[in-house]
1. How about the range 136-161: which of its residues are in contact with a helix residue (DSSP H, G or I) (Cβ under 8 Å, 6 or more places away or on another chain) and not in a helix (DSSP H, G or I)?
2. Provide a single number: the residues in the range 164-189 that are crowded, with 24+ Cβ neighbours inside 10 Å, more than 16 Å from the chain's Cα centre (by Cα) and aliphatic (A, V, I, L, M).
3. If I ask for residues that are in contact (Cβ under 8 Å) with a residue 60 or more places away in the chain and part of a loop (DSSP other than H, G, I, E, B), which ones from the range 36-71 would you list?
4. Would you check which residues across the range 53-91 are among the aromatic types (Phe, Trp, Tyr) and surrounded by fewer than 14 Cβ atoms within 10 Å (Cβ to Cβ) and list them?
5. Is the range 115-133 home to any residue that is farther than 27 Å from SER243 by Cα, modelled with pLDDT under 95 and among the basic types (Lys, Arg)?
6. Those residues that are of a type in the set (Gly, Ala, Ser) and surrounded by fewer than 17 Cβ atoms within 10 Å (Cβ to Cβ), I need them from the range 238-252; list them, please.
7. Condition first: of a type in the set (Ser, Thr, Tyr) and without any contact (Cβ under 8 Å) to a residue 40 or more places away in the chain. Now tell me which residues in the range 26-35 satisfy that.
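The values are calculated or read from the model by the stated rules, or taken from the named source; none is laboratory data. Source: prediction; values computed, not measured. Using ideal geometry, Cβ is built from the backbone for each residue, glycine included, and neighbour counts are taken over all protein chains shown.
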Amino acid sequence: MVQVAIVGPGGVGGLVGALLVRAGHDVVFVARPETAARLNAGGIEVHSVRYGDFTVPARAVALLDAPADLCVIATKATTLQDALERVPAGGAELILPLLNGVDHMEVLRGRYPSARVVAGSIRVESTRTAPGRISHTSDFCLVQLAGDGAASISEWLSGAGLDVTVRDGVAELLWDKLSLLAPLALITTVARASVGQAREMRRDDLVDMVSEVTAVARANGCQIDAETILGVIDQIPAPMKSSMLRDAEAGRPLELDAIGGAVLRAGAALGIPTPATARVVAELGS
């Protein structure tokens, strides 16, 4: 049995945490006081096309008060700093961020120097419909890991039913995800449309952004090309909405800096022009 802290029991953290509880691990959820109270009272209820419908008891706290073997950080980038105030230094041996973007790795390694921060990415369609209520609508839950400690985390997550791959390079893993996520999130949100509509309405912007982001990704060691990413986006079911678009529709803060801003900063540092991405980011930020 592993002691696990889940920071941010939303669509991703709630699902991962509930699966770990069901697998027999000692899991504590770290959340705002009102959310913690709801979880303690009602547990976590999961409705999943893959894992079925199940409910697990949830132990939740507003501040992590005991060391954990693993701390999974699954917040939005926009709430990361607030969430980290709930996790004191020395609170975990291993830290696994399942966050969008690339810049959070440096933040976490600076804040938790005694911990091993393992790079991670997750591909899943999972949404928190209410505190402690998770709707998992994809038949997949794919996790990729890289870094010292990845093998142990892979064993724990695989045992809970997730599909896990361990990769060699941290930067390659993070940019592999961002090369798809950035153009997809930005184009759907700027068009305020599902992926099928957005890739037709703003096709030229999409093609240009894919070209720019993949150029930056390759400069960071990711073996990916624009044609491949564009092909993946073109195969995504037309009704799908990105999480950034859902945030925009709900009036929530956007992860614009973590996703689009990360591309612009890396491009500037490497001398790679990113005019289309900059234009869309500016349009969304206005």
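1. Pass one, the range 136-161, residues in contact with a helix residue (DSSP H, G or I) (Cβ under 8 Å, 6 or more places away or on another chain): 136, 141, 143-147, 156-157, 160-161.
Listed by number, the residues that qualify are HIS136, CYS141, VAL143, GLN144, LEU145, ALA146, GLY147, ALA160, GLY161.
2. 1
3. Of the range 36-71, the ones in contact (Cβ under 8 Å) with a residue 60 or more places away in the chain are 38-39, 42-51, 58, 66-71.
The answer is GLY43, VAL49, ARG50, TYR51, ALA58, ALA66, PRO67.
4. Filtering the range 53-91 for residues among the aromatic types (Phe, Trp, Tyr) gives 54.
Answer for the range 53-91, where residues must be among the aromatic types (Phe, Trp, Tyr) and surrounded by fewer than 14 Cβ atoms within 10 Å (Cβ to Cβ): there is none.
5. At the first step, the residues of the range 115-133 found to be farther than 27 Å from SER243 by Cα are 115-116.
Next, only the ones that are modelled with pLDDT under 95 stay: 115-116.
Narrowing further to those that are among the basic types (Lys, Arg): 116.
Yes, the range 115-133 contains a residue that is farther than 27 Å from SER243 by Cα, modelled with pLDDT under 95 and among the basic types (Lys, Arg).
6. Looking only at the range 238-252, we keep the residues that are of a type in the set (Gly, Ala, Ser), and these are 238, 242-243, 248, 250-251.
Within the range 238-252, ALA238, ALA250, GLY251 meet the criteria.
7. Taking the range 26-35 first, the residues of a type in the set (Ser, Thr, Tyr) are 35.
Across the range 26-35, there are no qualifying residues.
The rows are residues; the columns are (1) more than 13 Å from SER179 (Cβ to Cβ); (2) in a loop (DSSP other than H, G, I, E, B).
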| site | (1), (2) |
| --- | --- |
| SER211 | no, no |
| THR214 | no, no |
| VAL232 | no, no |
| MET240 | yes, yes |
| MET244 | yes, no |
| GLY267 | no, no |
| ALA276 | yes, no |
